[in-house]
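Heads up: the structure comes next, in structure tokens.
The values are calculated or read from the model by the stated rules, or taken from the named source; none is laboratory data. Note that this is a predicted model, so its numbers are computed, not measured. Positions of Cβ are generated from backbone atoms using ideal geometry, with glycine treated the same way; all protein chains shown enter the neighbour counts. Just the protein is used for accessible areas: all its heavy atoms, side chains included, with ligands, DNA and RNA removed. Shrake-Rupley method; radii C 1.70, N 1.55, O 1.52, S 1.80 Å.
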Amino acid sequence: MSNFKVIVMDMDDTLINSDNKVSPETKEYLIDLQNQGYKVVLASGRPTEGMLPIAKELHLDKHDSYIISYNGGKTIKVATEKVEVSKSVSKEDFDEIADFCREKNFLVLTYQDGHIIHDGDHEYRDIESQLTGLPMKRVNDIKAYINEDVPKVMGVDYVENITNVRDALHGSFNSNIDVTTSKPFFLEFMAKGVSKGNAIKALCEKLDIPLKEVVCFGDSLNDQSMFEVAGYSVAMGNATEELKEVADKVTLDNDSNGIPAALKEIL
């Protein structure tokens, strides 16, 4: 089974442990794999700026690799930080999403210039900032403040409320906007057709690598599109049951070096 060339992994709850770090064992293993010629790609719902430090820590810049941010909304070459692909949410759709989230009493978050923009309060408000290391910026009225396209929008609330709305929407908000969850309390809105799976497809086409040579790792609903396109898919031990059901393999959890554990068998 060693005809794999590309290893794509989600970050939060997959590559990253409960301390919000990459363990030394996993880091060393992934750097070693790249030295052997494998390509490591990170694919996350995170904003670009919340991915680059770890991408560089793993030497993706030295090995001419890529990160996929905003659930597939942007693909970036790590060495140059050049955006190769970008698909955004229009201002018109942003306003519609903001109204919808306000109706549901969700906190609305979006991104601009390396900041997480919000105009409200919630017990879970700062989680995205803690995860990504990006600063929060409070504005008076997010709809009035945001006047251009944005990479992604998030509704934040308690798991039960997010799950109910997610199930009711069936993956689609309107004809321009798709919906998924990364954490069970984050409802994520992206431009139609934006997914980690589609971003991986486009990247493999660009690099002329067949999708069957891709192994991917994930833990959540927004990783399912990767599992559908990759040659081999691995769910973390801490993944949702839904994802484990569609995975080729289930490995150890994100606090037990689940990625190296699986790759040592697969490669």
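Find how much the distance from K212 to K91 grows on full extension, using 0.36 nm per residue of separation minus their present alpha carbon separation; answer in nm with one decimal. Write out the running numbers ahead of the final one.
Numbers: separation 121, 0.36 × 121 = 43.56 nm, distance 3.73 nm.
Here the segment from K212 to K91 would lengthen by 39.8 nm.
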>> Could you tell me the center-to-center distance, by alpha carbons, between the stretch 95-141 and the stretch 150-182 in angstrom?
In response: 14 Å
> Per 10 Å bin from zero, what fraction in whole % of the C-alpha pairs of the chain is there, up to the bin with the longest pair?
Replying inline: 7, 32, 37, 19, 4, 0
> On alpha-carbon atoms, Rg over Rh for the stretch 138-183 using Kirkwood Rh?
Replying inline: 1.01
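Can you give the FRET efficiency for L267 and I127, using 1/(1 + (r/R0)^6), R0 = 30 Å, r = Cβ-Cβ distance, to the nearest 0.05?
Once rounded, the FRET efficiency stands at 0.30.
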> Under 18 Å Cα-Cα from K249, which aspartates and glutamates qualify once same-chain neighbours fewer than 8 residues away are excluded?
Replying inline: D10, D13, E213, D219, D223, E228, E241, E265
> Over the heavy atoms of M136, what accessible area does a 1.4 Å probe trace out, to the nearest 10 Å²?
Replying inline: 50 Å²
> Could you name the lysines in cross-link range of K91, using Cα to Cα under 29 Å and dropping any fewer than eight places away on the same chain?
Replying inline: K74, K77, K82, K104, K137, K143, K152, K183, K192, K196, K201
> Treating the beta-carbon of each Lys and Arg as +1 and of each Asp and Glu as -1, no other charges, what is the dipole magnitude of the stretch 155-255 about its Cα centre, to the nearest 20 debye?
Replying inline: 340 debye
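What is the Rg over Rh value, at two decimals, for the stretch 91-191, using alpha-carbon atoms and the Kirkwood definition of Rh?
That ratio equals 0.92.
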> Label point 7 Å out from N20 along Cα-to-Cβ: which residues of the stretch 132-153 have amide N under 18 Å?
Replying inline: 132-138
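Relative contact order for the chain using alpha-carbon pairs under 8 Å, separation at least 6, rounded to a whole percent? Kindly include the intermediate steps, with their values, before the conclusion.
On the way: 551 pairs, mean separation 52.2, N = 267.
Relative contact order here is 20 percent.
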>> Let me cross-check H59: its accessible surface, 1.4 Å probe, with only protein heavy atoms counted, in Å² to the nearest 10?
In response: 50 Å²
